[in-house]
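Since every read-out is calculated from the coordinates, none of them should be taken as a lab result. Because the structure is a prediction, the values reported are computed rather than measured. As a convention, Cβ positions derive from the backbone with ideal geometry for all residues, glycine included, and neighbour counts pool all protein chains shown.
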Amino acid sequence: MPLVLISGFPSAGKTTRARQLHDLFASAIANSSDPRTNRLKVHLINDQTLGVSRAVYHTARAEKDARAEEYSAVKRVLSRDDVVIADGLNYIKGFRYQLYCEAKAVQTTSCVVHIGTPVEKCRQINKRLLQDEHQDGGYEEEDFENLIFRYEEPNGMTRWDSPLFTVLDEDETPPFDQIWEALVGSDGKAKVVRPNQATVLKPATEQNYLYELDKTTSDILAQVMAYQKDHEGEGGGEISVPDVEKPIELPASPMTLPQLQRIRRQFITLNRQHSFTKARIKEIFVDYLNSQFEG
């Protein structure tokens, strides 16, 4: 059943909205006359339930470990009979894409709920939380500003952020009826999500698969860097990859090697055990690059 990804600035009120959604889902399930719906269980996963301190956002390594812990916790309970509310910053679009792939792999729906509290109000709330030792503390000021700077806002035009629901500061509750309709449906029929080739997790059986995965993705990055060097200052552009129908569509701002390497590492992590053939690595990696360049 559905994966609900909460996203928003630090101290935006994400946990309050996540708890509202948890209670609304639980109530809808309890009051439903549909046996399929009655089987559902609701899980709320966030830093508090995982015992993760806000201090993890002070270093890149600790933050990465905390993100991995959230990812593992979601993956453990994600199934067709569970509603999973992933309450967190979820500010990196690549991380949202990973969780979208996990939902699609188990053939369940997903959505993103963006908590649209203005940054200045978040800043005020965070300062108040830091000063109140009786409440759940806020983020250290340096960490807060850094997270605001790095926040990658959800974009409903991309498939991994769609459907996208925005909750404004003045809204009493999230738009639960629309979320329920999009994820569960109201016609008594289960919503079916068909996995694509890049999200069906099966052991790779071809010899030297991991070597080809590493080499092919590395060669394509080299092609991107070479193109950008030859077209310095132009921005954008298309790169044709041999044996791949669709070209790589570069963003307007040139990609640095560290940015490209990060995307490549994410792709390898996602596809280390996938069952597509070595011949399709190029095609699927090009599609993944284009998905990361969107927005």
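Values computed for the structure shown
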item: Set 41/278; 14/64; 104/127; 14/229; 41/127; 14/278 screened for pairs whose C-alpha atoms are more than 31 Å apart; result: 41/278; 104/127; 14/229; 41/127; 14/278
item: In order through region 143-157: 3J(HN,Hα) via Karplus (6.51 cos²θ - 1.76 cosθ + 1.60), integer Hz, x for Gly, Pro; result: 5, 4, 5, 5, 5, 4, 5, 8, 5, 9, 5, x, 10, x, 7
item: Amide H within-cut-off set for residue 82, under 5 Å, with H built and near neighbours excluded; result: 41
item: Lys, Arg +1 and Asp, Glu -1 on Cβ, resulting dipole of the chain about Cα centre, debye, nearest 20; result: 1100
item: Inter-site label distance for residue 162 and residue 41 at 7 Å from Cα along Cβ, in nm; result: 3.3
item: Within the chain, percent of DSSP bridges classed antiparallel, to nearest 5; result: 15
item: Where labels lie 7 Å past Cα in the beta-carbon direction, separation of residue 59 and residue 219 in nm; result: 3.9
item: Distance between modelled label sites at residue 77 and residue 127, nm, 7 Å Cα→Cβ extension; result: 3.6
item: Protection-proxy order for peptides 259-268, 221-230, each taking the mean of Cβ atoms within 10 Å per residue, highest first; result: 259-268, 221-230
item: Gain upon complete extension [residue 48, residue 245; 0.36 nm per residue less C-alpha separation]; result: 66.3 nm
item: Degrees separating the helix 93-105 axis from the principal Cα axis of the chain, which is the longest one; result: 90
item: Equivalent-ellipsoid semi-axes of region 1-110, from the Cα gyration tensor, Å, largest first; result: 26, 16, 11
item: Partners for residue 282 among aspartates and glutamates (Cα-Cα distance below 13 Å; same-chain residues under 8 apart left out); result: 212, 214, 219, 243, 245
item: Unit charges on C-beta of K, R, D, E only; dipole of region 209-293, Debye; result: 460
item: Span from the region 83-129 Cα centroid across to the region 218-285 one, whole angstrom; result: 26
item: Lys/Arg +1, Asp/Glu -1 at C-beta; the chain dipole; positive extreme among 125, 268, 56; result: 268
item: (i) 17.9, 56; (ii) 19.5, 71; (iii) 20.5, 63, with the label sought being that of the calculated Rg and Dmax of the Cα atoms in Å; result: (iii)
item: Using alpha-carbon coordinates, inclination of helix 281-293 to the longest axis of the chain, degrees; result: 50
item: Karplus (6.51, -1.76, 1.60) ³J(HN,Hα), θ = phi - 60°, over region 116-132, in Hz, Gly and Pro reported as x; result: x, 6, x, 4, 5, 5, 4, 5, 5, 4, 4, 5, 5, 5, 5, 7, 9
item: Within the chain, longest stretch free of exposed GluC sites (Glu not before Pro) [DSSP loop, at most 16 other beta carbons within 10 Å]; result: 1-132
